[in-house]
Amino acid sequence: MFISVDPNLFSWLWILSALTFAFKETVERRFFSVKDSAMYSSLSYWTIRDLCALKQLPHIRVGKRILIDKCDLDQFLEDRKESAR
C-alpha cells in the first residue's frame with residue numbers, strides 16, 4: 001500500500017520550518033537561565049549560581065528555576081570592568 005504525497009508539500013514544509021527558525025532567532029530573550037547566563041558572560045555555571053546565592057547578581061526564582069535579566073547581567077559585568085592605565 002502506497003500513500004500518495006504531493007511533492008510540493010515537502011517544499012512548503014521546508015519553507016515553514018525556515019520561517020519558524022528565522023522568527024525564533026529574531027525574538028530576543030529578556031531572561032536567561034543560569035546555564036545561558038554562563039555562556040553569555042563567559043563565566044562558569046557555578047560562578048553564576050554562587051553570585052545569585054550571595055545576592056550579588058539580581059535574579060528571579062520561579063519554582064526551582066533561576067532567571068537572570070539580561071540587563072542586570074550586562075550591568076553586573078559593566079560595573080566590574082576595570083579601566084586601562
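Here is how the numbers come out for the structure above:
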{"item": "Which listed residue, of Ser44, Ser33, Ser17, Ser37, is under 17 Å from the mean Cα position of the chain (by Cα), modelled with pLDDT of 75 or more and surrounded by fewer than 14 Cβ atoms within 10 Å (Cβ to Cβ)", "result": "Ser44"}
{"item": "From the options Asp50, Asp72, residue that is charged (D, E, K, R), over 17 Å from the mean Cα position of the chain (by Cα) and modelled with pLDDT of 95 or more", "result": "Asp50"}
{"item": "Candidate set: segment 53-69, residues that are modelled with pLDDT of 95 or more and charged (D, E, K, R); chosen: the one surrounded by the most Cβ atoms within 10 Å (Cβ to Cβ)", "result": "Asp69"}
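The values are calculated or read from the model by the stated rules, or taken from the named source; none is laboratory data. For clarity, every value in this text was computed on a predicted model and none was experimentally measured. With ideal geometry, Cβ positions are generated from the backbone for all residues, glycine too; neighbour counts draw on all protein chains shown.
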